[in-house]
Amino acid sequence: MPEVIRFILFCALLALGLGFMLSALIGVNRFGFSLNRLHAASVGDTMGLGCIVLACAVKAGLDAVTLKFLLVYAFMLLTSPMSGHLIGLLVYRTDRSISREAGIWKP
Amino acid sequence: MKNPINSLKRFIEQGSDPLGEEMLSELELNRPDADGEALAAPRRSLFSEKPRRPRLIHALYAASSVALCLALIGILLYTVSGLPSFGGADTLADSEVSAFYIENGLKDTGAGNIIAPIILSYRGFDTLGESHVLFIAAVAVMLLLRPAPSDKSALLRAYEYGDDKEEPHDDLILMAGGRVIVPLILMFGVYIILNGNISPGGGFSGGAVIGAGLIMYLSIYGYGPASRFMTLRVYRAVSACALGLYSLFKTYHFVTGFNGIESVFSAGIPGTIFSGGMLLYLNIFVGTVVALTMYALFTLFRKGDF
């Protein structure tokens with residue numbers, strides 16, 4: 001019985017993660033402005049990958065492999081905001097349509 | 001200047017400049033057909049006139065290089081046509097060579113990772129050439145991209161016209177992240193190299209990881225801190241030493257192996273770090289060369305110098 005519950009939990013988490021990934025995919029392709037796209041993509045990085053990693057951890061059980069999955073997620077949590085920050089800075093500095101799109105006043 | 005918060009403030013203040021329009025006007029002025037001759041001058045100085053070679057020798061160089069390339073292409077194509085056809089009946093799917101490696105690899109070399117003795121011991125001559133090819137590539141890029149020693153203002157121009165104008169300098173968030181990530185990446189690279197003879201990995205992959213870590217360090221902290229420990233002198237000395245030692249070790253290996261002399265590098269107990277004879281040392285040398293060369297190629301293409 002625990003195996004069945006585990007499998008159901010695994011499937012649910014995987015489906016949830018894939019749903020988040022799908023939303024990120026649609027957002028990246030449908031939004032027009034780069035900061036909006038960044039916002040959509042970060043959903044996939046945090047929630048999507050988090051749910052998928054959690055699903056894999058549930059499937060693998062509690063051992064060293066689980067720790068590796070969590071390490072993958074921690075690495076992603078560390079690097080994804082950095083790249084997002086860089087992209088945002090670059091958009092802020094170079095995109096001339098930012099005052100129209102994002103309502104930021106640039107003198 | 002050193003305070004990160006101040007530099008962040010400075011960066012944001014700089015960023016609020018109407019940069020796009022500024023750049024556009026600069027481009028307008030520097031267009032060749034613009035009549036502002038004095039304003040177009042700095043742009044032109046980027047491509048300074050060099051003394052030209054005589055025409056005949058120049059044409060000879062061009063013709064001989066084309067001929068050499070065509071000859072190389074012809075040789076390579078001829079060799080490819082001689083390969084066994086893909087998926088053909090007479091193609092050896094698993095030849096006796098790989099069976100030999102699987103059977104005798106552990107016994108011969110004492111390395112748990114079967115790839116390491118294949119590339120470093122059985123086919124060591126090939127890998128020796130590969131490492132030298134990497135070094136030669138870096139040297140060729142250096143020859144092409146480094147400014148002449150007499151050209152002192154080249155680096156200044158590279159900064160002035162370079163593409164790192166738009167990049168953040170002394171960025172607080174990047175530096176905080178890099179403080180965590182860069183040591184981890186470098187440590188992981190060292191782990192891959194040192195464990196090359198017992199687990200998947202080895203000199204090339206570990207060296208690539210270390211090189212990526214060094215490139216990351218350069219990108220985050222800028223040229224200043226990186227050039228404190230990575231100069232041209234360091235690159236030359238360390239990679240030449242590593243390549244020389246590598247060649248020396250391989251020579252010893254070939255001589256002892258060919259003459260049936262007992263090598264001082266014993267196979268050891270498989271699974272420990274000091275097993276696999278000289279594989280550990282060869283991995284370290286290859287990793288050093290690969291890491292330094294990756295860093296050198298990046299920094300040469302990026303700013304033309306160390």
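None of the figures in this text is laboratory data; all of them are computed from the coordinates on show. Keep in mind that this is a model prediction, so the values were computed, not measured. For neighbour counting, all protein chains shown are included, and Cβ atoms are generated from backbone atoms with ideal geometry for every residue, glycine included.
What is the calculated FRET efficiency for residue B:85 to residue B:63, with r their C-beta to C-beta distance and R₀ = 51 Å, to the nearest 0.05?
Step by step, r from the Cβ atoms, then E = 0.90.
In whole percent, what relative contact order does segment B:113-306 give with Cα contacts below 8 Å and a gap of six or more residues?
35
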Notebook entry, point to check: Say a paramagnetic label sat at a point 7 Å from the Cα of residue B:140, along Cα to Cβ; which residues of segment B:230-263 have their backbone N under 19 Å from it?
Noted result: B:240
Item checked: For A:74-84, mean number of other protein chain Cβ atoms within 10 Å -> 2
Margin query: For the ranges B:261-269, B:205-213, what's the packing order if you count other beta-carbon atoms within 10 Å of each residue, average per peptide, and put the highest first?
Written below: B:205-213, B:261-269
Next item on the list: State the Cα centre-to-centre distance between segment A:38-93 and segment B:239-303 in whole Å.
Entry: 37
Notebook entry, point to check: Nearest 0.05, what FRET efficiency do residue B:259 and residue B:96 give at R0 = 22 Å with Cβ-Cβ as r?
Noted result: 0.30
Notebook entry, point to check: In what sequence, highest mean first, do A:48-59, B:180-191 appear when ranked by Cβ atoms within 10 angstrom?
Noted result: A:48-59, B:180-191
Next item on the list: For chain A, with a Gaussian network of springs between Cα atoms less than 10 Å apart, report the residue from A:20, A:31, A:69 with the top mean-square fluctuation.
Entry: A:31
Next item on the list: Would you mind calculating the relative contact order of segment B:252-306 from Cα pairs under 8 angstrom and at least 6 residues apart, reporting the percent as a whole number?
Entry: 15
